[in-house]
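The values are calculated or read from the model by the stated rules, or taken from the named source; none is laboratory data. Model, not experiment: these values are computed from the prediction. No Cβ is skipped: glycine too gets one built from the backbone with ideal geometry, and neighbour counts run over all protein chains shown.
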Amino acid sequence: MSAPSLLPLESITHRILVLRGQKVLLDADLAALYGVETRRLNEQVRRNRDRFPEDFIFRLTAEEVEALDRSQFATGSQKHRDPRFAPFAFTEHGAIMAATILKSQRAAEVSVYVVRAFVALRELLAGNRELALKLSELESRIERKLDSHDQAIAGLIHTMRELMRPPEPPKKRPIGFITGEEKTKKEG
């Protein structure tokens, strides 16, 4: 197999986009990888439409095409395409199926690397999810500790303020005698 020297895995992974929550390759990129014209790839897809259910392939909406044209991360402008036909987006399974309908040696060889690129991205995302979960767990532990420390510090500050408050001056006793009647009024 000569494909490894021709197609490093990174060149494929950079072409994979996330659209509608799925990792996909656009028809022009997949055709270039498989060494055929985009027109020929799409022609074969139309001829074998029963092999491409909706979870294998979908056509981009006008808004998605416009967003790709504006995106600096897109693999290239889609402005050169016929505006009547939005590009197809192939999921991992759709890319494999496309290789089987093209029946070319290069498509068969490259499809292995396309699958590996999708797997590599899946592992990368899974690793990022694990890292994100660990960070969230660590963050919540720190927050709990900070909350308990904050409460302890707040308690110390309150105690210090109480100690800093000047004592209330003792109440002066009235001069003279207190009769029984006045005593009951004050106590009541």
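Being assigned to a loop (DSSP other than H, G, I, E, B) and hydroxyl-bearing (Ser, Thr, Tyr) is the filter; apply it to the range 71-107 and report the residue that is modelled with the highest pLDDT.
From the range 71-107, those assigned to a loop (DSSP other than H, G, I, E, B) are 71-87, 91, 103-104; that's our starting set.
Adding the requirement that they be hydroxyl-bearing (Ser, Thr, Tyr) leaves 71, 75, 77, 91, 104.
Working: SER71: 65, THR75: 49, SER77: 47, THR91: 90, SER104: 80.
Applying the filter and picking the extreme gives THR91.
For the range 23-67, enumerate the residues that are part of a loop (DSSP other than H, G, I, E, B) and either surrounded by 20 or more Cβ atoms within 10 Å (Cβ to Cβ) or in contact (Cβ under 8 Å) with a residue 24 or more places away in the chain (or both).
Just the residues of the range 23-67 that are part of a loop (DSSP other than H, G, I, E, B), to begin with: 35-37, 48, 52-56, 60-61.
Once the filter is applied, which keeps residues that are part of a loop (DSSP other than H, G, I, E, B) and either surrounded by 20 or more Cβ atoms within 10 Å (Cβ to Cβ) or in contact (Cβ under 8 Å) with a residue 24 or more places away in the chain (or both), the range 23-67 yields GLY35, VAL36, ASN48, PHE52, ASP55, PHE56, LEU60, THR61.
Please go through (1) in contact with a Phe, Trp or Tyr (Cβ under 8 Å, 6 or more places away or on another chain); (2) modelled with pLDDT under 75 for ARG129 and return the number of the only condition it doesn't satisfy.
Here ARG129 meets the rest and fails (1).
Suppose we filter GLU168, GLU162, GLU137 for residues that are at pLDDT 75 or above, loosely packed, with under 10 Cβ neighbours inside 10 Å and either part of a helix (DSSP H, G or I) or in contact with a Ser or Thr (Cβ under 8 Å, 6 or more places away or on another chain) (or both); which single one remains? Spell out how you get there, then give the answer.
Working: GLU168 fails: either part of a helix (DSSP H, G or I) or in contact with a Ser or Thr (Cβ under 8 Å, 6 or more places away or on another chain) (or both); GLU137 fails: loosely packed, with under 10 Cβ neighbours inside 10 Å.
The match here is GLU162.
Do you know which residues across the range 11-40 are polar (S, T, N, Q) and over 20 Å from the mean Cα position of the chain (by Cα)? Show your work before the answer.
Narrowing the range 11-40 to residues polar (S, T, N, Q): 11, 13, 22, 38.
Within the range 11-40, SER11, THR38 meet the criteria.
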